[in-house]
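Here's the structure, in structure tokens; my notes come after.
The values are calculated or read from the model by the stated rules, or taken from the named source; none is laboratory data. These numbers were taken from a predicted model, which means no experiment stands behind them. Don't worry about glycine lacking a Cβ; one is built from the backbone with ideal geometry, like all the others, and counts go over all protein chains shown.
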């Protein structure tokens, strides 16, 4: 198979390629895919993981279970070019090859003096708690099950998503200062009205 490749040194073309990235536009988290691929290619595994982590809380998890909408839009997958880049595998490689430990990121900022309760410690709840805690909000997660993770833990088998990968990335939320209360069923063990009275907001 042959490929027809066109080269350009035009600044306008460089700008177009930088701001029109179909794979990044297809990503629900708008992850900077070109940047983390470049970092991994250069051997900067920690940097590649950090770029991922800035856009989503769970790069190691998503590197294993993401539905990969980015790959459907990859320019390399266009008929005249061949196959799309295995973007999801690159995300996983960055997570697996980096040095262990929480990635560098902003904050936490000074306390805002606000308290928020988050109901459920699945992916959405964890992401909300992480971002709020980073901004200086005191966050408490209420989870009905005995451990956080939601369907990532209870709906995906361990051979597909190793629990140590999930545990490590959930732990980053706690390191931000968010408190996880498990085994608490909102509406049964604690009333919603009580949460509304105790917290400035309930998610």
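Just a few scattered comments:
- Residue tally, condition more than 17 Å from residue 147 (Cβ to Cβ) and assigned to a loop (DSSP other than H, G, I, E, B), over the stretch 179-195: 3
- Residue within the stretch 107-121 that is assigned to a helix (DSSP H, G or I) and either surrounded by 15 or more Cβ atoms within 10 Å (Cβ to Cβ) or at pLDDT 95 or above (or both) present: no
- Applying the condition of being under 17 Å from the mean Cα position of the chain (by Cα) and surrounded by 16 or more Cβ atoms within 10 Å (Cβ to Cβ) to the stretch 136-155 and asking which residue is nearest to residue 198 (Cα to Cα) yields 148.
- The residue that is nearest to residue 149 (Cα to Cα), counting only those in the stretch 59-101 that are touching a residue at least 60 places away in the same chain (Cβ under 8 Å) and exposed (fewer than 13 other Cβ atoms within 10 Å of the Cβ), is 100.
- When the residues of the stretch 46-101 are filtered to those that are in a loop (DSSP other than H, G, I, E, B) and within 11 Å of the chain's Cα centre (by Cα), the one that is farthest from residue 167 (Cα to Cα) is 66.
- Residue in the stretch 137-146 that is in a loop (DSSP other than H, G, I, E, B), within 17 Å of residue 63 (Cα to Cα) and not assigned by TED's automatic domain parsing to the domain that holds residue 62 present: no
- Restricting attention to the stretch 133-161, the residues that are in contact (Cβ under 8 Å) with a residue 24 or more places away in the chain and at negative phi add up to 20.
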